[in-house]
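The values are calculated or read from the model by the stated rules, or taken from the named source; none is laboratory data. This one's a predicted model, so the numbers in the text were calculated from it and none came from an experiment. Every residue, glycine as well, gets a Cβ built from its backbone with ideal geometry; the counts of neighbours run over all protein chains shown.
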């Protein structure tokens, strides 16, 4: 019976453990995470033509920054959702839904990956 429970957990996305792959980020003065992305050569060229510096940074909002900083390679998505739920006062289901969408977006961009359970 324990093996069956473990097999079911293998497909439960909220039990996955995210770890950060994109290491070029910083925390700004406001406490928000700023992801520093590689600048496309075409954007660089266009920036030179209009005498502006090309910028390809993404600043995350407060909740996203909190979720990003909570990813330590030890916490599951469910653990991060619990942390977010306590911070916002939202229901755990609502927080988990929001975190799952955010994690899928980050994974699709290649900025995080998931450890096997």
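Residue 65: touching a strand residue (DSSP E or B) at 6+ places or on another chain (Cβ under 7 Å), at pLDDT 85 or above, crowded, with 16+ Cβ neighbours inside 10 Å and under 16 Å from residue 113 (Cα atoms), yes or no? In short, no. List pairs: first residue in segment 15-38 and on the phi > 0 side of the Ramachandran plot, second residue surrounded by 14 or more Cβ atoms within 10 Å (Cβ to Cβ) and outside any loop (DSSP other than H, G, I, E, B) anywhere in the structure, Cβ distance under 7 angstrom, at least six positions apart or on different chains. Listed by first residue and then by second, the contacts come to 31/65.
Remark: pairs (first residue in segment 95-117, without any contact (Cβ under 8 Å) to a residue 24 or more places away in the chain and on the phi > 0 side of the Ramachandran plot; second residue crowded, with 18+ Cβ neighbours inside 10 Å and not in a helix (DSSP H, G or I); Cβ separation under 8 Å; 6+ apart in sequence or on different chains) are absent. Scanning segment 72-99 for residues that are touching a helix residue (DSSP H, G or I) at 6+ places or on another chain (Cβ under 6 Å) and closer than 14 Å to residue 13 by Cβ yields 76, 77, 78, 80, 81, 96, 99. Filtered by the rule that a residue be touching a strand residue (DSSP E or B) at 6+ places or on another chain (Cβ under 8 Å) and in a helix (DSSP H, G or I), segment 68-98 gives 68, 69, 77, 80. Of the residues 52, 101, 38, which single one is outside any strand (DSSP E or B), under 12 Å from the mean Cα position of the chain (by Cα) and exposed (fewer than 12 other Cβ atoms within 10 Å of the Cβ)? Sole residue among the options that is outside any strand (DSSP E or B), under 12 Å from the mean Cα position of the chain (by Cα) and exposed (fewer than 12 other Cβ atoms within 10 Å of the Cβ): 101.
Before we move on, is residue 58 over 15 Å from residue 21 (Cα atoms), at pLDDT below 90 and part of a loop (DSSP other than H, G, I, E, B)?
no
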